[in-house]
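A quick write-up on the structure given underneath.
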């Protein structure tokens with residue numbers, strides 16, 4: 001495994017509030033990164049906040065911008081010495097996170113971070129264990145590209161059929177987890193397979209999953225979009241593998257709280 005460099009976190013005042021860690025993978029986002037950092041650093045949420053940035057060996061000025069930014073929020077900067085993919089970056093960030101709640105946040109403006117408080121509230125208040133933000137659920141302000149919409153809908157329907165979860169948007173970036181759940185899931189996918197993999201594994205647990213509509217403002221490839229049709233093919237492969245063929249006994253660590261294990265499960 002490639003080594004990485006970590007900048008120590010900034011200390012924040014002690015609080016009785018739970019902490020939400022935003023896991024933010026970065027790869028070649030220099031064109032808008034400063035604006036993004038200013039916005040996410042100033043973001044107000046109903047819990048304490050930790051920002052965990054994982055620079056996946058960017059080739060542009062992203063790393064320099066991260067190092068020079070004056071954060072006010074508690075944060076960690078993790079620098080991968082070799083590009084490994086979004087899934088690998090998320091895996092690293094999740095394990096480094098110190099929060100009680102963990103949410104994935106892309107380093108762009110496709111998703112509206114002002115909706116994060118709405119997504120984390122059910123977990124913070126004890127009403128849910130996992131929350132998905134859906135770009136396709138009614139009442140969201142969606143703007144979709146037809147090709148990506150159809151692919152996402154097909155992958156979500158297949159994932160629902162195999163995982164037993166009824167979702168409208170499995171491929172969404174915005175996924176919120178109790179830390180004690182996501183930190184005890186063995187994650188393997190290195191690129192964009194994180195979405196179907198984590199969904200398949202969450203589907204094996206006895207957890208309360210909620211889904212809420214979110215806004216979506218897709219960027220194009222000239223603006224830095226990185227996912228391609230090859231990742232759609234890979235997602236299909238991941239859905240089939242993790243729901244049908246992957247050994248279920250390898251899905252979770254031995255530290256997964258017993259309350260999340262279905263009665264009679266024989267895969268631990």
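Nothing in this text is a laboratory measurement; each read-out follows from the coordinates by a stated rule. Because the structure is a prediction, the values reported are computed rather than measured. Cβ coordinates were reconstructed from backbone atoms using ideal geometry, including for glycine residues, and neighbour counts include every protein chain displayed.
If we sort 30-42, 195-207 on the protection proxy, mean other Cβ atoms within 10 Å, highest first, what's the order?
By packing density, highest mean first, the sequence is 195-207, 30-42.
Quick check on packing: order 88-96, 244-252 by the mean number of other C-beta atoms within 10 Å, highest mean leading.
88-96, 244-252
Can you give the helix-only mean residue ellipticity at 222 nm for the chain, where every DSSP H stretch with n ≥ 4 adds -39500 (n - 2.57) and the sum goes over all residues, rounded to the nearest 500 deg cm²/dmol?
-9000 deg cm²/dmol
What ranking do 149, 27 get, fewest neighbouring Cβ atoms within 10 angstrom at the top?
149, 27
Order by neighbour count: 170, 118, 113, fewest other Cβ atoms within 10 Å first, most last.
Listing 170, 118, 113 from fewest to most nearby Cβ atoms yields 118, 113, 170.
Normalising by the residue count of the stretch 17-257, find the relative contact order in percent from Cα pairs under 8 Å and 6+ residues apart.
Contact order relative to length: 22 percent.
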